[in-house]
1. DSSP beta bridges in region 1-153, what fraction antiparallel, as a percent rounded to 5?
2. Would you give the gap between the C-alpha center of region 131-156 and the C-alpha center of region 92-107, rounded to a whole Å?
3. Once Lys and Arg get +1 and Asp and Glu get -1 on their Cβ, which of SER182, LEU47, ASN112 lies farthest toward the positive end of the dipole of the chain?
4. Sort CYS123, CYS234, CYS78 by Cβ crowding within 10 Å, fewest neighbours at the top.
5. Taking only DSSP H segments of four or more residues, each worth -39500 (n - 2.57), what value at 222 nm results for the chain once the sum is divided by all its residues, to the nearest 500 deg cm²/dmol?
6. Kindly provide log₁₀ I(q)/I(0) values, in the same order as q = 0.22 Å⁻¹, from the Debye equation applied to equal alpha-carbon scatterers of region 103-163.
7. Determine, for GLU115, GLU237, GLU143, the number of other Cβ atoms within 10 Å of each Cβ, and report the residues in order from fewest to most.
8. If each residue's Cβ is checked for other Cβ atoms within 10 Å, how do VAL3, VAL219 rank with the fewest at the top?
Amino acid sequence: MQVLVCKNPAEVAEAASMIFASLIYEKPNCILGLATGSTPVPTYQRLIALYNKGLLDFSKVRSYNLDEYVSLAGTHPCSYRYFMNTELFDHVNIDKANTHVPNGLGDDPEANAREYDKMLEECGGIDLQLLGIGRNGHIGFNEPRNDHFVYNTNIVTLTQSTREANAQYFDKPEDMPEKAISMGVGGIMAAKRVLLLATGKSKAQAVHDTVKGPITPMVPASILQAHQNCQIICDAEAASLL
Ligand code: PGA
C-alpha cells in the first residue's frame, strides 16, 4: 500500500485524474471501477475538463460502480445512478450502455447482487478501482462488522454513522433508504489497481486505521493492505494521524 499525501483536495483530484487519464490513453477500452460521494467529484470534474479539451476519449471505456441504494430508482436525484450520470457520464462520450451500477430495484435484491458478481466476473477484471472511504472505514457500502469480511456483492444495512453522513443529501433525512447493494471486498480486491481518495479531517482516523491498524472487518478498508497495487491519495488533513 502506497500513500501519497497532497496539500489539499484540489491536488488530490489532480493526481487522481492524471492516473485515470494515463490509463485511458494507454488502454482506451479499459474497465473502470467508479465511486460516488463528495470525494471523487473534483476528480470527475478534471476528467470532464480533459474530455472537453479533446484530450480524452471515453467511447470504448466500460465502468462498474460500487454501490446503490436499495429501492431508489435511477431517476431519483439521490440515487447513485443519477449521481454518476450528472457528475460524469452526461458530460463525456461514454456509452451509457457500457456503464453499470448495481440494481437496487425489484423484489429480489439478492438475485441482483448475484447477477452483478456474474457481470464483474465476465467483464474480464476491473483495471482501476476508485474508492472513497467512510468515516467508519467503509469502502463501497461494506460497513464495519465484528465477524468477517463479505466478499460478494451483497445487501447491506447501513450503519448509523453512514446514515448520518448521507442523510444531508435527501430532502427529508428519513427518506434515506436503510439498505444498499454493494460490491463486496472480493470484487474490490480483484481489481488490478486500487486508488483510494480521502480528504478532510473527518477521514483522518479511518485513514490511520486503514494504513497502520490490523487488517480487520471492523475497518473494511484495512483489507487493502493485502492488495498488490493499491495507492491511497489523501490531503494533509486526512493524513494528519499517520
Ligand atoms: P464521501 O463518501 O466522499 O462523501 O465522504 C465516501 C464514502 O462514504 O465512501
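1. Beta bridges within region 1-153, antiparallel portion: roughly 10 percent.
2. Answer, in whole Å: 21.
3. Comparing the listed Cα positions along the dipole, LEU47 ranks first.
4. On the way: CYS123 13, CYS234 27, CYS78 16.
By the 10 Å Cβ count, ascending: CYS123, CYS78, CYS234.
5. So the calculated ellipticity at 222 nm is -9000 deg cm²/dmol.
6. Result of the Debye calculation: -1.10.
7. Least crowded to most crowded, the residues run GLU115, GLU237, GLU143.
8. VAL3, VAL219
FYI, it's all coordinate maths here, none of it is from the lab. What you see is a predicted model; the values in this text were computed from it and never measured. Quick reminder, even Gly has a Cβ in these numbers, built from the backbone with ideal geometry, and neighbours come from all protein chains shown.
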